[in-house]
Amino acid sequence: MELTGSQIFIKSLEEEGVDVIFGYPGGAVIDIYDEFHKSNFRHILVRHEQGAAHAADGYARSSGKVGVCIVTSGPGATNTVTGIATAYMDSIPIVVFTGQVPTSFIGTDAFQEADITGITRPCTKHNFLVRRVEDLAVTIKEAFHIARSGRPGPVLVDLPKDVMQSVTEYKPVTRISSTVSTYRPAIRVSQILDPISKAKRPLIFSGGGVILGGASDELREFAQNVNIPVTSTLMGLGAFPGTDPLWLGMPGMHGTYYANMAISHCDLMIAIGVRFDDRVTGTIDTFAPHAKIIHIDIDPATIDKNIKADVSIVSDCKSALQLINESLRNSQFTIPEGQYDDWFKQISTWKAEEPLSYHQDDKIIKPQFVIEKLYELTKGDAIITTEVGQNQMWAAQFYKFDHPNTFLSSGGLGTMGYGFPAAIGAQVAFPDKLVVDIAGDGSIQMNIQEMATAVQYNLPVKIVLLNNGYLGMVRQWQELFYKKRYSQTDIILQPDFVRLAEAYGAVGLKATKPEEVEPILRQGLFTPKTVIMDFHVSREEGVYPMVKPGSSLSEMELLTREMIN
Amino acid sequence: MKKKAYTVSLLVNNKPDVLSRVSGTLGGRGYNIESLCVNTTMDPEISKIVLTTISNKTSVIQIKKQLDKLVDVRKTSVLTNGNATEREMALIKMNVTEENISEIRKAIDTLKCRIVFMGANCCILEATGRQDEIETALNYLKPMGIEDIARTGTIALGRK
Ligand SMILES: Cc1ncc(C[n+]2csc(CCOP(=O)(O)OP(=O)(O)O)c2C)c(N)n1
C-alpha cells in the first residue's frame, strides 16, 4: 500500500495502540494535522507545548502505558524540553514527536529550525531524526520499544516536513533492530533470604522502580511475608500501602523522623528500585551506616553509583520479587520468634516521639489540615498530582497512598508547573476517576493556561491550591538559612483565582477559615467540572521535620519547628 | 582512589550522531576525554571508538555502564596496559638545515621514526609507538627545531 509519511505516522500510532495524542500544531507538522483531521484520531489540543509533554507524562505515570505528544519545529520543539527532562529524571516512558524543517533545509538556520535532537540528547533515553520516509515506520516502532523497555524513559522522534509528505510502500513493522539490552535476573535467592534470617533490624527501602516495573503486589507480598517495615522514596509512594502497619512513610530531607531513624539504625537494607538520590540519602557516607545493603535495580548503572551495595542484583523489580516470593512459599524459611521484637519496639518509640504533626487552631487554615481532609474525603481513592515545593512535601507526608500509579510528582527534576498538565493527562487516561492537583500559588501559574484545555475537553480536574502568597519552599530556606531575607519570594501580586477559574469557564471556590475547608472540599470534589479550590493558608508554615542540606539523616532531630523558633 | 589512564574501546553503530552521544555522556557526567580515535571496522555498519580518560576504578566502571546504556553502543570494554596493545602515531614537521640533517637522521635510527616526506628545507617524520615512546621522541627532537606536529589518540586492541 502506497502511503505518505503522515499517513504512515497515523498507522504506526495505531499499531502501537495509541488512543490519544497531546499536541499543538504548526507549519512543520501541518501535514500530520491534516491526517488527524481526516482519520478522526483523538488529539488533545493543549495551550503550551510544555503542557503537552507533561500531559503525556501524567498519562504514562497513571496508566503505565507510553504517553505521546506532538509539536511543531523550532519553538514548539524547544518548549517541550522541560517536560522531556522531567520524564527523563523520573524514567517515564513518553514519545515526543517534533516537526522539523525539510531535510534540504536542515543546517541552514531555516525559519523555525532548531537542532532538537542535539538539544535533547542529554535528556532523552534516545532520539531519532528520520531522514527517509522508508525509515519512518520502523523508527516509530523502535521509539516505543526503547521508551518502555528496560529502565523506561523519554524518546524523541524528529520528523522533517518533506519526509512526511513523501510516499512509500507501507507494511506494518514486525521486527526491529534496536538493541536495548534486557537483563535476565541472575539471582540466588539465598543471597537475600540468608541475610534476612540473620538480621535483627531489617528495612525495606523501595522506590519508583517498583511502580515502573508493576511490582507493587509482589512488594506487598514480600514485605508482609517476611514482616519487615517499609519506607519508600517520593517516587515509590503508593507501591506499598500508606495505611499498612509496616509502613514508615517517606525518608529523606522532609521524610518522617522514624523512617530516617530506621535507615540510620537498620542492620540490613533491602533496596528495591531506588537510585539513592541525594534528597533521600543526606550525606552519603553516613547513610545507613550499620547496614548490609542489598540493591535490586534494572539499571546496572545505578548499582554502586552513589551507595556501594553488599549484594547487587540487576533485574526488573517484578521478576526479582517473584523469584523471592516463590522461594518463600516453597521453602521452610522462618524467622526465629521474636527476632525483630526489639526493632519494632524501637520503631514504635520513634513514631511516638516524633510523629508527623501540625497544630490547627480556629483562625488560620493549616495546609496540612487541607491535605488530611482531602484524604478523609477521598479515602485515598484518587489520583493525586503535585506541583513542586511545600505543597509537594505536604502531599507526600499527609496523604496516604494505598495504590501504585496514584501519586504523580516531579521527583528528580522538581519541575514547578508539572502537576496541572500531568493531572490533565491522568484524567484523559481515567475519565471516571477523581484527579486532584495539589498546588502552590507559584507553581500553578507556570502552566495555568491549561485551564482552557481542561475546560474544553470537559476534564473535571480539581486543583487544591495551598495559597500562601509565597514561593513557600524557597521562603522556608530563606527563613532557616538566610536570616529571613525573603528575596523575591513574596508574591505581591496574585490573580483572583476564583475569577480566573470563572474566566476560563471553570468553577472557582475560596476558603479562608478552617471551618470552611471541609465544605469547600466537598463542594469542589463533587462538582463534575474543572475546579480551582483556593485555600488561603498560614503564610509562613514550614515543612517539618527537616534534615538540613549537607547533614546526615540521623541528625534530623536537630531541625524540627520547635528547635528553630 | 588513585587516578590513572584508562582506555575504553567501543563498538558502535556507524551513524552521524553517535560520537556526540558518546562524548556527551562522558562530558555531561564530568569525565574528561584525554584522547579519541574513531574509524570504521571490517563491518562498514560498525565503527570503533577508542578513547582514553584519566580516572579511578569506580569511575571507569560507571563510565562503562553509562556508555552501555546508549542505544547505539554495541559493546564497551575497558582495556589496561596488561591486557591490550596500545599505539599512537605522530607526524612531526622539522626544519631541515645543513647543520641538523645528520642529527635528524641519527635520531631517526634511535627513535623508531621514519621520514615520510623530504622537502628542500623541511621534512615530515612519522613516529609510532606507545604514548611514552612518542613523548620521548618529541622531547628528543625538540631541540632540533620542530615546526608542527599532529598526533592521533590511542588505539588499542585487547590481547584475548
Ligand atoms: C520551574 C522551576 N523554577 C524554580 C524552581 C525552584 N523552586 C522550588 S520550590 C519553589 C517555590 C514553589 O512555590 P509554590 O508553587 O507557591 O509552592 P509552595 O512551596 O509555596 O507550596 C521554587 C521557586 C523549581 N522547582 N521549578
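The values are calculated or read from the model by the stated rules, or taken from the named source; none is laboratory data. Remember, it's a predicted structure, so these values are computed and weren't measured experimentally. Counting neighbours? That spans all protein chains shown, and the Cβs are built from the backbone with ideal geometry, glycine included. Calculation scope for accessible area: heavy atoms of the full protein, side chains included, ligands and nucleic acids excluded. Shrake-Rupley method; radii C 1.70, N 1.55, O 1.52, S 1.80 Å.
Of the residues examined, A:K379 is one that is on the phi > 0 side of the Ramachandran plot and not small (G, A, S). Evaluating B:I49 against the criteria (1) within 14 Å of chain A (Cβ to nearest Cβ); (2) at pLDDT 95 or above leaves one unmet condition, (1).
Quick check, is A:G442 near the ligand (Cβ under 9 Å from one of its atoms) and on the phi > 0 side of the Ramachandran plot? So A:G442 does not fit the description; no.
Counting the residues of region A:4-20 that are closer than 26 Å to A:L459 by Cβ, in contact with a helix residue (DSSP H, G or I) (Cβ under 7 Å, 6 or more places away or on another chain) and of a type outside the set (D, E, K, R) gives 3.
Could you go through region A:94-110 and let me know if any residue there is in a loop (DSSP other than H, G, I, E, B), within 13 Å of chain B (Cβ to nearest Cβ), more than 16 Å from the ligand (Cβ to nearest atom) and within 29 Å of A:E2 (Cβ to Cβ). Yes, region A:94-110 contains at least one residue that is in a loop (DSSP other than H, G, I, E, B), within 13 Å of chain B (Cβ to nearest Cβ), more than 16 Å from the ligand (Cβ to nearest atom) and within 29 Å of A:E2 (Cβ to Cβ).
Selection over region A:339-371 of residues that are away from the ligand (no atom under 16 Å from the Cβ) and assigned to a helix (DSSP H, G or I) gives a count of 13.
Taking into account only those residues within region B:1-16 that are touching a Ser or Thr at 6+ places or on another chain (Cβ under 7 Å) and farther than 17 Å from B:S35 by Cα, which is surrounded by the fewest Cβ atoms within 10 Å (Cβ to Cβ)? So, considering only residues that are touching a Ser or Thr at 6+ places or on another chain (Cβ under 7 Å) and farther than 17 Å from B:S35 by Cα, the one surrounded by the fewest Cβ atoms within 10 Å (Cβ to Cβ) is B:M1.
To keep it simple, each residue is scored yes or no on (1) under 23 Å from A:A422 (Cα atoms); (2) in contact with a strand residue (DSSP E or B) (Cβ under 9 Å, 6 or more places away or on another chain); (3) open to solvent by 10 Å² or more (accessible area, probe 1.4 Å).
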site: A:E15; (1), (2), (3): no, no, yes
site: A:I21; (1), (2), (3): yes, yes, no
site: A:G74; (1), (2), (3): no, yes, no
site: A:G83; (1), (2), (3): yes, yes, no
site: A:A87; (1), (2), (3): yes, yes, no
site: A:P93; (1), (2), (3): yes, yes, yes
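Scanning region A:265-299 for residues that are within 20 Å of A:G208 (Cα to Cα), part of a loop (DSSP other than H, G, I, E, B) and not aromatic (F, W, Y) gives A:G273, A:V274, A:R275, A:D277, A:A288, A:I298, A:D299.
Determine if region A:378-385 includes at least one residue that is free of Cβ contacts under 8 Å to residues at least 24 places away in the same chain, within 14 Å of another protein chain (Cβ to nearest Cβ) and open to solvent by 50 Å² or more (accessible area, probe 1.4 Å). Checked region A:378-385: no residue is free of Cβ contacts under 8 Å to residues at least 24 places away in the same chain, within 14 Å of another protein chain (Cβ to nearest Cβ) and open to solvent by 50 Å² or more (accessible area, probe 1.4 Å). The set of residues in region A:374-393 that are within 7 Å of the ligand (Cβ to nearest atom) and part of a loop (DSSP other than H, G, I, E, B) comprises A:E387, A:V388, A:G389. Of a type in the set (F, W, Y), open to solvent by 40 Å² or more (accessible area, probe 1.4 Å) and within 14 Å of A:P514 (Cβ to Cβ) - does that describe any residue in region A:339-361? Checking region A:339-361: at least one residue is of a type in the set (F, W, Y), open to solvent by 40 Å² or more (accessible area, probe 1.4 Å) and within 14 Å of A:P514 (Cβ to Cβ).
Can you pull out the residues in region A:397-428 that are in a helix (DSSP H, G or I), under 12 Å from the mean Cα position of the chain (by Cα) and within 13 Å of the ligand (Cβ to nearest atom)?
Residue satisfying the conditions is A:G419 alone.
The set of residues from region A:277-302 being within 14 Å of chain B (Cβ to nearest Cβ) and crowded, with 22+ Cβ neighbours inside 10 Å comprises A:H295, A:D297, A:I298, A:T302. Going through (1) closer than 30 Å to A:E515 by Cβ; (2) within 11 Å of the ligand (Cβ to nearest atom); (3) among the small types (G, A, S) one by one, A:A454 falls short only on (2). Taking the condition buried (at least 19 other Cβ atoms within 10 Å of the Cβ), touching a helix residue (DSSP H, G or I) at 6+ places or on another chain (Cβ under 9 Å) and not charged (D, E, K, R), does A:H43 pass? Criteria not met by A:H43. Being part of a loop (DSSP other than H, G, I, E, B), touching a helix residue (DSSP H, G or I) at 6+ places or on another chain (Cβ under 7 Å) and farther than 18 Å from A:M250 by Cβ is a description that does not apply to A:Q322. What pairs come out if I take residues in region A:436-458 that are within 14 Å of chain B (Cβ to nearest Cβ) and pair them with residues that are modelled with pLDDT under 95 and near the ligand (Cβ under 9 Å from one of its atoms) whose C-beta lies under 6 Å away, six or more apart or interchain? Taking only residues 6 or more apart or on different chains, not a single pair turns up. Select from region A:279-301 the residues that are aliphatic (A, V, I, L, M) and touching a strand residue (DSSP E or B) at 6+ places or on another chain (Cβ under 9 Å) and write down the one among them that is farthest from A:R201 (Cα to Cα). Applying the filter and picking the extreme gives A:I298. Meeting the requirement of 3 or more residues that are closer than 22 Å to A:T124 by Cα, under 18 Å from the mean Cα position of the chain (by Cα) and not assigned by TED's automatic domain parsing to the domain that holds B:P143, the helices (runs of 4 or more DSSP H) wholly within region B:1-117 are B:18-28.
Once region B:60-77 is narrowed to residues that are touching a residue at least 40 places away in the same chain (Cβ under 8 Å) and closer than 19 Å to A:K308 by Cβ, the residue that is nearest to the other protein chains (Cβ to nearest Cβ) is B:Q66. Tallying residues that are under 21 Å from A:I364 (Cα atoms), touching a strand residue (DSSP E or B) at 6+ places or on another chain (Cβ under 9 Å) and in a loop (DSSP other than H, G, I, E, B) within region A:490-511 yields 3. Would region A:115-130 turn up any residue that is open to solvent by 10 Å² or more (accessible area, probe 1.4 Å), more than 14 Å from chain B (Cβ to nearest Cβ) and out of contact with any His (no Cβ under 9 Å at 6 or more places or on another chain)? No: zero hits.
Within region A:479-491, the residues that satisfy the criterion of being surrounded by 14 or more Cβ atoms within 10 Å (Cβ to Cβ) and either closer than 17 Å to A:G550 by Cβ or near the ligand (Cβ under 9 Å from one of its atoms) (or both) are A:L480, A:T489, A:I491. Sort through A:R121, A:R131 and tell me the only one that's part of a loop (DSSP other than H, G, I, E, B) and farther than 18 Å from A:L212 by Cβ. Matching residue, one of A:R121, A:R131: A:R131. Checking each residue in region B:82-104 for being closer than 14 Å to B:P143 by Cα and not polar (S, T, N, Q) picks out B:I92, B:K93, B:M94, B:V96, B:E99, B:I101, B:E103, B:I104.
Just so you know, in region A:459-473 the residues that are of a type in the set (A, V, I, L, M) and closer than 14 Å to A:E541 by Cβ include one that is farthest from the ligand (Cβ to nearest atom), and it is A:L466.
Against the criterion of being at pLDDT 95 or above, open to solvent by 40 Å² or more (accessible area, probe 1.4 Å) and touching a Ser or Thr at 6+ places or on another chain (Cβ under 6 Å), A:K318 does not qualify.
Answer with yes or no whether A:L136 is open to solvent by less than 10 Å² (accessible area, probe 1.4 Å), aliphatic (A, V, I, L, M), part of a strand (DSSP E or B) and modelled with pLDDT of 95 or more.
Numbers: open to solvent by less than 10 Å² (accessible area, probe 1.4 Å): yes; aliphatic (A, V, I, L, M): yes; part of a strand (DSSP E or B): no; modelled with pLDDT of 95 or more: yes.
Answer is no for this residue.
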